[in-house]
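Report on one structure; see the data block that follows.
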Amino acid sequence: MIALMVSLPGLRVGRPVQLGTLGVLLVLALAGLRLWPDLGAWLRSDAATPAGQLAHLLLFELRLPRVLAAMVAGAALGLSGLLFQALTRNPLAAPDLLGVTGGAQLGVFAAIMLPALGGVVTVPLLFLCGLLGALLAMLTAGGWRASALQMILAGTACSLFFSAVSMVLLSVFEDDIASVALWSNGVLYQPGAEGLLGVLRWLCLPLALLPLLLRSLEVSALGDDAARTVGVPLQPLRLATMAVATLFAAGAISVAGPMGFVGLIAPNLLRAAGVHRLHRLAPLAALWGGLVLLAADSAVLALKLDATLSTGVMVAVVGTPLLLLLIHRNRFLAGAQPHSRGEPRFRLPFAGLVMVCVGLLVALAAFASAYGETWLSPLRWWDAALGRDAVAGLLVDLRLFRLLTAMLAGALLAASGALLQSVVRNPLAGPEVLGVTQGAGLAVLLALVGTPILSRPAMLGASLLGGAAVLAITLLLNRRHRLAALPVALTGIALGGLCAALSQWLIVQNSVEQARLLVWLVGGTYGRSAADTAALLPWLLLAVPLVYGLARPLDLLLLGEQSAAALGVPVARLRLFALVLATTLASAAVAVVGPVAFVGLVTPHFAKLLGFHAHRQRLPVAMLLGAILLGLADVLGRSVLAPTEIPAGAMTALIGAPYLLGMLVFGRRQRSAA
């Protein structure tokens, strides 16, 4: 239905009246189909009888409020996305990708888990948290005129950081896992009829300000100089627009939870149909945003999946193909490449750095083995090694092998990220950004739900299948853009979001092991043993010689495909082999420790930051740094809030997200000074 707006030439002339009429008719048709049976039952019943009271309850307390909730949430998200896009002059801006949803999600978790907030999710709380996320992402990316690539990367990093903080809170308040998982899945009609009326009252303020903002934004679209000439106060306008857009998003999230991509899809579908003026886009974005969400919710009910499938998951299932279509058709994305100038560089001797990293790994292993509720002195270490202290030996085994598992998985993820970034020639091509780890995690989760007792080879096979499928889709969809950084990153984020939504849905459906599955989905090393270490060690031994053999061909590939082919490099086979190897290494790690984020993305950058650009040095340094990062996350995760344990995946996000945000700020300042 909605895809016709992109493909039918008759609609590309962009007649707002036709689009508005079509949208209204579709909304009335969907609402009529859903409400007519209950409306007829209410009209036929006697209000004084129990049957009449039941008909009144079904219509006015359940059916009608749910339809209105879909319309309100979708309209608010459509307007929020439109305002963010106008504010940044960036068609890819949306509350999902700018940290607003992540910040609001943190506010919801805090309201649920902290008694001081009364357990009530209010619009002002979501507004403040969402505004904090938007400001952090905007300032980190470089302000109002940051490039689309910087904006998306900063918003993604902020969202992952907020998710990590939420996981820390969940580690402390385990009793709230079920309610948090349900909310995160995106469920309409969460506040009830009375709560919906409260949200509508809060939305009156941004609706009243919207016409004033649209007129000024129309002028500012001509350029800052033109806006200043006619007296438009740019700074107050930008702050007011951000606040109004965030308030719209907060209202939608309080009604429906996180509904991904609605604020991005609705305005861009209308632009694809030929509507570009803001005063025409705004009512249409609200109408079609509400229609998208109402259609997704109606599909869930029509297919009788409301007991198992949430509206948020349906939006992700339907919206992801539409988003991929928009990415594929958008010429604006093809030339968007990351800046490489201004990257801070330091020169360190390779051998010296390797010795330092190895020393850090040994020291980390010694500390992790000794530290815990029962501290092991060197004397007890010695007794454990000689077999004279059984308790100490057991503690060393429990602590040491989970750390070694974390180190091996970190090295594999780092190698995967470095290979992907080199082969795709995209600094954002980490396994987590391309959706490889999310796809692998979803496949393993499906296998775990179907067969709770799963062998390690079966988990590896499922992980490899899921990771390879997502990577193949990402690469195939971006051949037109020659694997440019921004469309590849957006495609990976979209597919990763779909996999994450489906994973959350699986967790909600599994009422027996929700806590275990949610912790696994974040990634962690709790309960890992010598068997897990033994499962990962062969992959590391396989990776080292293969990575070393690929180093020189990858260096030549950086010169360009034609130059590399002229020097005898089989470019096609090299890319295929490196991609298969990267996917296999990441999938092996995910099969054991779960989809840990940021390790494969940040460690290759950190290796370059230390001055190692040749792959023969960069790859081993990245692997050592990955081992240190995940090993450190394991130690911190079990010690910071001991005896409560924070999953290692949450700790890597807490460490990696600030690092990535800092690199964006530092790189921007370097480019400005150059």
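The values are calculated or read from the model by the stated rules, or taken from the named source; none is laboratory data. Keep in mind that this is a model prediction, so the values were computed, not measured. Every residue, glycine among them, receives a Cβ derived from its backbone with ideal geometry; neighbour counts consider all protein chains shown.
Across the stretch 602-620, not a single residue is classified as among the charged types (D, E, K, R), closer than 24 Å to Leu464 by Cβ and surrounded by fewer than 19 Cβ atoms within 10 Å (Cβ to Cβ).
Of all residues in the stretch 377-412, those being part of a helix (DSSP H, G or I) and more than 15 Å from Leu629 (Cβ to Cβ) number 22. Of the residues making up the stretch 205-226, those that are of a type in the set (D, E, K, R) and either surrounded by fewer than 14 Cβ atoms within 10 Å (Cβ to Cβ) or without any contact (Cβ under 8 Å) to a residue 24 or more places away in the chain (or both) are Arg215, Asp224, Asp225. In the stretch 302-316, of all residues being surrounded by fewer than 17 Cβ atoms within 10 Å (Cβ to Cβ) and either not hydroxyl-bearing (Ser, Thr, Tyr) or not assigned by TED's automatic domain parsing to the domain that holds Gly23 (or both), the one that is modelled with the lowest pLDDT corresponds to Ala307. Checking every residue in the stretch 375-393 against the condition of being within 18 Å of Val593 (Cα to Cα) and in the same structural domain as Leu610 (by TED's automatic domain parsing) gives zero matches. Close Cβ contacts (under 8 Å, 6 or more residues apart or on different chains) running from residues in the stretch 347-374 that are at positive phi to residues that are surrounded by 13 or more Cβ atoms within 10 Å (Cβ to Cβ) comprise Gly372/Leu395; Gly372/Arg399; Gly372/Arg638. Every condition in (1) assigned to a helix (DSSP H, G or I); (2) within 20 Å of Leu585 (Cβ to Cβ) is met by Ala366 except one, and the failing one is (2). Going through (1) at pLDDT below 85; (2) surrounded by 15 or more Cβ atoms within 10 Å (Cβ to Cβ) one by one, Thr49 falls short only on (2).
The condition (being farther than 26 Å from Leu98 by Cα and either at pLDDT below 80 or surrounded by fewer than 20 Cβ atoms within 10 Å (Cβ to Cβ) (or both)) is satisfied by just one residue among Leu465, Leu483: Leu465. In contact with a helix residue (DSSP H, G or I) (Cβ under 6 Å, 6 or more places away or on another chain) and over 19 Å from Gln504 (Cα atoms) - does that describe any residue in the stretch 437-453? There is no residue in the stretch 437-453 that is in contact with a helix residue (DSSP H, G or I) (Cβ under 6 Å, 6 or more places away or on another chain) and over 19 Å from Gln504 (Cα atoms). Restricting the first member to the stretch 250-278 and to residues that are over 18 Å from Phe127 (Cα atoms) and in the same structural domain as Arg15 (by TED's automatic domain parsing), and the second to residues that are among the aromatic types (Phe, Trp, Tyr) and at pLDDT 85 or above, the beta-carbon pairs closer than 7 Å and six or more apart or on different chains are Ala266/Trp288; Leu269/Trp288; Leu270/Trp288. Note on the stretch 567-674: enclosed helices (runs of 4 or more DSSP H) holding 1 or more residues that are among the aromatic types (Phe, Trp, Tyr) are 571-593, 599-609, 648-673.
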